[in-house]
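Have a look at the structure below, then the notes.
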Amino acid sequence: MINSKSGGYIKGLGRGSNAILSIFMLLFSGFMIIPVILILAISLSSEDSIAKNGYRFVPAQWSTDAYSYIIKSADNITRAFGLTFVLTLIGTILSLFLISTMAYVLSNRDYSRRKVLIWFIMIPMFFSGGLAASYAVNTQFFGMKNSVLALILPEACSSWYIIVMRTYFMKNISEEVLEAARLDGASAFRLYFRFVLPMSKPILLTVGIFEAFSYWNSWYANLIYTDSAHSRLYTLQYILYNMEKNASYLTSNENVSGAIMNTVPTESLRMALASMIILPVIVVYPFFRKHFLRGLNAGVGK
């Protein structure tokens, strides 16, 4: 257990052991950052230097050709960025509402059908209907082909997060407080909005971060549910995926002239696209780290 009053030391360990553990964690953290630094360095390397020297932390020849190639599609990227931001915001809020309401119902020990619903929720965690079945249901039955709903609803609810949030509610929400509110005439919705949600900020933020990252990095829904005639629905990751795929095609197709092939910075472009995807996550995460860690420890017994 970490003692905050002693500068973050772990109880039961001496100063020497804590110092060694701290050094180890710093080194481990450094190893986690090294790949990100390498990706940035490669994205700023010229294609010639990569071909001659391979991947290096300090490029033999600096170049911004990869980012210039991306800027040429700035209009599409800007539109896709805005769409992805909106989808992430709406999808995360909807996901938290669906997951938390179901988890709240399942955490109610007096609900007679609680066990049956838990089985219905857990079955999809182990047995999936498959891509063909989900595609048929979403396009033929719900008619979500080439629509914004197809980019939000299929990922809006997770059985795993429902179980995790249900466990948090059962261990951390005081039943005495809820019972007192019921005696005062509070309805189920008032209990949910006035008591359950305010006492569940750590787990809500944790699940919300995971869901937001999922929507931010989503491109497969575009690949399945959106055709080329509806390119306005392309998300940022799908735009970047297409750019990388087109660059790889140009450099590998024998029918493409050498002049065109030389203008496509394939290797550095891959890393530049990866940088655009991961940097927003790296920037946002520190602001939610405290609540994120609290949420990860949510299931631990008191």
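The table below lists the values:
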quantity: Out of 223, 205, sole residue that is in a helix (DSSP H, G or I), modelled with pLDDT of 85 or more, touching a His at 6+ places or on another chain (Cβ under 7 Å) and of a type outside the set (Phe, Trp, Tyr); calculated: 205
quantity: Every residue from region 226-236 that is in contact with a Leu (Cβ under 9 Å, 6 or more places away or on another chain) and modelled with pLDDT of 85 or more; calculated: 226, 232, 233, 234, 235
quantity: Among residues of region 50-64, those that are surrounded by fewer than 18 Cβ atoms within 10 Å (Cβ to Cβ) and part of a helix (DSSP H, G or I), counted; calculated: 3
quantity: Answer residue from region 96-127, given it is surrounded by 11 or more Cβ atoms within 10 Å (Cβ to Cβ) and of a type in the set (S, T, N, Q) and is modelled with the lowest pLDDT among those; calculated: 108
quantity: Single residue of region 192-227 satisfying the filter (of a type outside the set (Ser, Thr, Tyr) and free of Cβ contacts under 8 Å to residues at least 60 places away in the same chain) that is nearest to residue 138 (Cα to Cα); calculated: 223
quantity: Matching option when the condition is within 17 Å of the chain's Cα centre (by Cα), in a helix (DSSP H, G or I), in contact (Cβ under 8 Å) with a residue 60 or more places away in the chain and at negative phi, among 77, 99; calculated: 99
quantity: Unique residue being over 30 Å from residue 276 (Cβ atoms) and in contact with a helix residue (DSSP H, G or I) (Cβ under 9 Å, 6 or more places away or on another chain) when the list is 137, 196; calculated: 196
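The values are calculated or read from the model by the stated rules, or taken from the named source; none is laboratory data. This structure is a prediction, so every number in the text was calculated from the model and none was measured. All Cβ positions, even for glycine, are placed from backbone atoms using ideal geometry, and neighbour counts span all protein chains on display.
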